[in-house]
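Chemist: Encoded as structure tokens, here's the structure I'll be asking about.
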Amino acid sequence: MPAVDPFSDEQARALVNLEQHYQVWMQTERALAALPYDLRRKEVDGRTYLYEIIDRSGNGKSLGPWSPEAEARFTAYREEKSRLKERLQASGRILEESGRLGRALRLPMMAGEAGAILREADRRGLLDGRVLVVGTNAMPAYAVEAGGSIREAPDETQDFDLAWVAMREEAAPAVWPMLKAVDPTFTVNMERGFQARNAKAYEVELLVAPSRSATLPRLDQPRPVPLPEQEWLLNGRPVDHVVISRSGAPARIVAPDPRWFALQKLWMARQAKRNPLKRPKDLKQGLALLNAVEEAMPQYRLDQAFEASLPAALIEPFREWKAQRPTPAPARW
């Protein structure tokens with residue numbers, strides 16, 4: 001039995017268009033977010049100033065007395081903001097249509113809560129080398145990389161795993177402001193400091209490899225416990241795709257190299273300390289993904305060179321998979 005059910009031509013075309021429409025929309029979102037919250041002409045003690053407003057409460061700072069230069073800056077700002085808002089509305093309508101089409105075509109989907117978090121993370125640039133999606137919510141991106149639905153892949157759960165992977169130390173909190181922007185009801189689980197929950201009991205866990213723990217902003221939350229097995233997910237080449245969420249809104253997923261993700265899952269399924277309710281899912285997910293890589297992702301080789309690169313802890317799971325794997329389906333490339 002094939003490990004992957006290939007997308008139809010219509011599904012593949014919809015995914016290409018979805019990514020293009022999302023990129024236009026997100027570029028506009030970022031450009032709009034980069035502008036000051038507002039610029040205003042303000043009278044203070046009988047004199048006129050140009051003020052930058054920094055929040056909804058009207059707090060701001062003076063940019064100097066009103067002048068021809070200040071007026072030109074004010075006018076340019078208003079025109080640029082108006083242009084971007086119009087572009088955002090237009091691109092948003094097209095993106096919404098793409099999402100509806102994707103749902104109708106039964107494209108790979110993620111949970112709506114995860115999609116909202118990832119859109120905000122992308123808006124803030126966190127998906128560009130600072131966080132990876134490392135849990136079950138990564139599977140839709142792997143399906144897109146494989147060019148079809150992955151058989152036997154478990155459905156998403158009511159939690160969301162992110163890994164902090166930034167290579168440079170950062171000072172300002174990044175993850176916590178992002179979560180609070182998505183849902184202000186998020187609070188840190190006091191018993192599990194690496195986890196945040198919102199009022200609907202949706203859980204977000206932050207993970208980190210020991211080699212990247214020092215780059216996490218000191219005052220950021222949640223606070224992950226460095227885990228050696230997270231180092232494996234830094235290897236190889238990440239996947240990066242746009243998929244739709246169950247709410248219909250698209251989002252971008254950046255996830256680890258599927259080979260290393262799958263082998264880490266197989267390793268976790270062997271660990272006695274792992275929640276026994278999660279070990280069967282880990283095993284099923286790891287096997288399904290490795291089978292999909294072999295069958296439909298030639299860009300991720302599973303050859304002797306890859307095996308030679310594995311740490312000792314992953315060699316046995318890899319060899320067991322090779323010995324037990326089904327007869328590969330004919331290659332589609």
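Chemist: Does GLU10 meet the test of being of a type outside the set (Lys, Arg), open to solvent by 80 Å² or more (accessible area, probe 1.4 Å) and modelled with pLDDT under 95?
Modeler: Criteria not met by GLU10.
Chemist: Taking MET1 as meeting all but one of (1) within 30 Å of GLU295 (Cα to Cα); (2) open to solvent by 40 Å² or more (accessible area, probe 1.4 Å); (3) at pLDDT 95 or above, write down the number of the exception.
Modeler: In the conditions (1) within 30 Å of GLU295 (Cα to Cα); (2) open to solvent by 40 Å² or more (accessible area, probe 1.4 Å); (3) at pLDDT 95 or above, MET1 misses (3) alone.
Chemist: Check ARG301, ARG252, ARG259 and return the single one that is closer than 21 Å to ALA138 by Cα and open to solvent by 40 Å² or more (accessible area, probe 1.4 Å).
Modeler: ARG301
Chemist: Let me ask something else. Within segment 13-33, can one find any residue that is surrounded by 12 or more Cβ atoms within 10 Å (Cβ to Cβ), part of a loop (DSSP other than H, G, I, E, B) and not basic (Lys, Arg)?
Modeler: No, the conditions are met nowhere in segment 13-33.
Chemist: Condition first: without any contact (Cβ under 8 Å) to a residue 60 or more places away in the chain and closer than 23 Å to ALA251 by Cβ. Now tell me which residues in segment 9-22 satisfy that.
Modeler: ARG13, VAL16, GLN20
Chemist: Take GLY60 and decide whether it is crowded, with 16+ Cβ neighbours inside 10 Å and touching a residue at least 12 places away in the same chain (Cβ under 8 Å).
Modeler: Against the criterion (crowded, with 16+ Cβ neighbours inside 10 Å and touching a residue at least 12 places away in the same chain (Cβ under 8 Å)), GLY60 qualifies.
Chemist: Looking for whichever is surrounded by 15 or more Cβ atoms within 10 Å (Cβ to Cβ) and in contact (Cβ under 8 Å) with a residue 60 or more places away in the chain here; the options are ALA116, ALA174, ALA121. Which one fits?
Modeler: Answer to the selection: ALA116.
Chemist: Limited to segment 150-167, what total is found for residues that are out of contact with any Gly (no Cβ under 9 Å at 6 or more places or on another chain) and open to solvent by 50 Å² or more (accessible area, probe 1.4 Å)?
Modeler: 4
Chemist: Next question, about the same structure. Can you pull out the residues in segment 206-247 that are modelled with pLDDT of 95 or more, open to solvent by 20 Å² or more (accessible area, probe 1.4 Å) and under 30 Å from TRP25 (Cα atoms)?
Modeler: Those that are modelled with pLDDT of 95 or more, open to solvent by 20 Å² or more (accessible area, probe 1.4 Å) and under 30 Å from TRP25 (Cα atoms): LEU207, GLN221, LEU234, GLY236, ARG237, PRO238, ASP240, HIS241.
Chemist: So which residues in segment 117-133 are within 20 Å of THR185 (Cα to Cα) and touching a strand residue (DSSP E or B) at 6+ places or on another chain (Cβ under 9 Å), if there are any at all?
Modeler: Selection gives ILE117, LEU118, ARG119, ALA121.
Chemist: Could you please give the count of residues in segment 121-159 that are in contact with a Pro (Cβ under 7 Å, 6 or more places away or on another chain), within 22 Å of VAL182 (Cβ to Cβ) and assigned to a loop (DSSP other than H, G, I, E, B)?
Modeler: Here the count works out to 1.
Chemist: So for segment 314-323 (the condition being touching a residue at least 60 places away in the same chain (Cβ under 8 Å), touching a Lys or Arg at 6+ places or on another chain (Cβ under 9 Å) and acidic (Asp, Glu)), does at least one residue qualify?
Modeler: No, there is no match, as no residue in segment 314-323 is touching a residue at least 60 places away in the same chain (Cβ under 8 Å), touching a Lys or Arg at 6+ places or on another chain (Cβ under 9 Å) and acidic (Asp, Glu).
Chemist: For the subset of segment 304-333 comprising residues that are part of a loop (DSSP other than H, G, I, E, B) and at pLDDT 95 or above, which member is surrounded by the most Cβ atoms within 10 Å (Cβ to Cβ)?
Modeler: LEU310
Chemist: Restricting attention to segment 181-205, and to residues there that are more than 20 Å from GLN230 (Cβ to Cβ) and within 16 Å of the chain's Cα centre (by Cα), which single residue is surrounded by the most Cβ atoms within 10 Å (Cβ to Cβ)?
Modeler: VAL182
Chemist: Going through segment 85-116 one residue at a time, which ones are more than 20 Å from VAL16 (Cα to Cα) and not in a helix (DSSP H, G or I)?
Modeler: Passing the criteria: only ALA111.
Chemist: If I filter segment 34-52 down to residues being under 22 Å from GLU120 (Cα atoms) and among the hydrophobic types (A, V, I, L, M, F, W, C), which single residue comes out as most open to solvent (accessible area, probe 1.4 Å)?
Modeler: ALA34
The values are calculated or read from the model by the stated rules, or taken from the named source; none is laboratory data. Every value quoted in this text rests on a predicted model; they were computed, and no experiment measured them. Cβ: placed from backbone, ideal geometry, glycine included. Neighbour counts: every protein chain shown. All accessible areas refer to the heavy atoms of the entire protein, side chains included, with ligands and DNA or RNA removed. Shrake-Rupley method; radii C 1.70, N 1.55, O 1.52, S 1.80 Å.
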